[in-house]
1. Among the residues of the stretch B:45-77, write down those that are part of a helix (DSSP H, G or I), within 11 Å of chain A (Cβ to nearest Cβ) and at pLDDT 85 or above.
2. Could you please tell me which pairs satisfy a Cβ distance under 7 Å, a separation of 6+ or placement on different chains, a first residue in the stretch B:44-59 that is free of Cβ contacts under 8 Å to residues at least 12 places away in the same chain and of a type outside the set (Val, Ile, Thr), and a second residue that is buried (at least 16 other Cβ atoms within 10 Å of the Cβ) and not in a helix (DSSP H, G or I)?
3. Only one of these is without any contact (Cβ under 8 Å) to a residue 12 or more places away in the chain, over 22 Å from B:Ala59 (Cα atoms), more than 7 Å from chain B (Cβ to nearest Cβ) and within 21 Å of the chain's Cα centre (by Cα): A:Ile89, A:Ile31. Name it.
4. Kindly evaluate B:Val80 against the criterion of being crowded, with 21+ Cβ neighbours inside 10 Å and in contact with an Asp or Glu (Cβ under 6 Å, 6 or more places away or on another chain).
5. Looking for whichever is among the aliphatic types (A, V, I, L, M), surrounded by fewer than 19 Cβ atoms within 10 Å (Cβ to Cβ) and touching a residue at least 24 places away in the same chain (Cβ under 8 Å) here; the options are B:Val211, B:Val234. Which one fits?
6. State whether one or more residues within the stretch B:137-152 are in contact with a strand residue (DSSP E or B) (Cβ under 6 Å, 6 or more places away or on another chain), part of a helix (DSSP H, G or I) and of a type in the set (Val, Ile, Thr).
7. So, of the residues in the stretch A:45-85 that are of a type outside the set (Asp, Glu), crowded, with 16+ Cβ neighbours inside 10 Å and outside any helix (DSSP H, G or I), which turns out to be nearest to the other protein chains (Cβ to nearest Cβ)?
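The values are calculated or read from the model by the stated rules, or taken from the named source; none is laboratory data. Because the structure is predicted, anything quoted here is derived from the model rather than measured. Note that we place each Cβ from the backbone using ideal geometry, even for glycine, and neighbour counts take in every protein chain shown.
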Amino acid sequence: MEQHNDQVQALPADPAKIRKIWKVAGFLGAITAIEFIIAFTIPPGGARTFVFIALTIWKAFYIVSEFMHLGHEKKSLIMSIMLPVLFIIFFIFIMMYQGARILDALN
Amino acid sequence: MANTAIAAEESTTNVWSGGTTPMKASYGKLMMWFFLLSDAFTFSALLIAYGMIRYSHSAYEGIFEDFAFSQEYWPIPEMVFEAVPFLHGIHAPLIFVGIMTFVLILSSVTMVLAVEAGHRMDRRGVEKWMLWTLVGGVAFLGCQAWEWSHFIHGADMSNNVGSNTFMGANLSFNQYGPPNFAALFFFITGFHGFHVFSGVMFNFIVFYQTVTGKLERVGHYEMVEKVGLYWHFVDLVWVFVFTFFYLV
């Protein structure tokens with residue numbers, strides 16, 4: 001099988017890196033499993049919703065930081081992606097305010 | 001020699017036409033990030049609209065066990081999404097959507113492994129992990145097709161809409177709750193499903209270019225990274241859809 005002289009030689013895998021990837025994957029799976037346990041054992045309510053949202057943001061952090069590698073990019077790149085997200089947070093608050101006003105108007 | 005393999009990556013591919021590398025990222029990757037940011041705005045708008053519309057309807061006030069579908073209040077999601085294929089009539093809340101979540105997370109992991117193999121110029125590794133990613137994406141789409149079909153055709157608990165008994169869901173009526181409930185289900189999971197579909201298409205193109213050796217001839221596997229970013233974003237959106245549509 002040595003017919004190609006220009007065949008690219010693959011570098012050997014770094015076991016520590018692979019282990020890190022599976023560790024993050026395990027984290028994501030575990031957090032999802034915790035969400036399920038909460039969904040089945042605790043009745044709906046404000047505190048439960050808050051825990052769900054917190055766990056979701058935790059998962060999102062792992063995906064963006066490790067899988068999408070943003071945590072290891074230059075700080076200016078991290079900021080140019082994360083700062084515009086403030087608009088989304090602003091939008092959530094403004095729509096909550098708006099939603100409450102619509103509820104008032106309907107009742 | 002082994003250590004000549006990835007020398008190309010940092011020196012040539014990341015330089016823009018101006019001769020420098022802004023933010024130490026290649027042009028393609030940076031533009032993918034900005035596209036994903038704009039897509040994040042679209043999805044947040046949809047999910048925030050969901051929240052606002054949901055809270056402008058009244059919620060179910062009674063005992064959890066006595067819950068029944070009604071047009072008067074917003075349904076409890078785990079009472080709607082409780083079916084699993086081949087297990088007809090068994091109440092299994094959120095089990096199927098949980099399986100879908102794990103499928104998508106796993107295909108995200110295999111995508112990271114494909115990117116990692118690409119860094120090492122390991123063509124066989126990229127082929128293997130891209131193929132698993134494709135399998136995960138197609139499996140997710142299959143699950144979603146089943147879920148939509150079940151949602152549209154209806155569950156056993158039927159519900160009266162006006163004077164008619166109505167089963168299932170369309171954009172005007174649904175048996176589960178107010179019309180907006182089904183409309184938002186179709187809109188949000190449909191928009192996400194379309195992203196998964198296009199992601200599978202992108203993944204297939206990159207897989208094809210890997211198998212034919214095109215990317216190896218180009219000298220780097222940056223395309224894998226770029227479609228990888230898109231694919232992780234699809235997973236990220238699902239994490240939020242899962243929480244806000246199914247759990248809360």
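1. Scanning the stretch B:45-77 gives B:Ala45, B:Leu47, B:Ile48, B:Ala49, B:Tyr50, B:Gly51, B:Met52, B:Ile53, B:Arg54, B:Pro77.
2. That search, which allows pairs on different chains as well, returns nothing.
3. Criteria check complete, one pass: A:Ile89.
4. no
5. Among B:Val211, B:Val234, only B:Val211 is among the aliphatic types (A, V, I, L, M), surrounded by fewer than 19 Cβ atoms within 10 Å (Cβ to Cβ) and touching a residue at least 24 places away in the same chain (Cβ under 8 Å).
6. The answer is yes; a qualifying residue exists.
7. A:Met68
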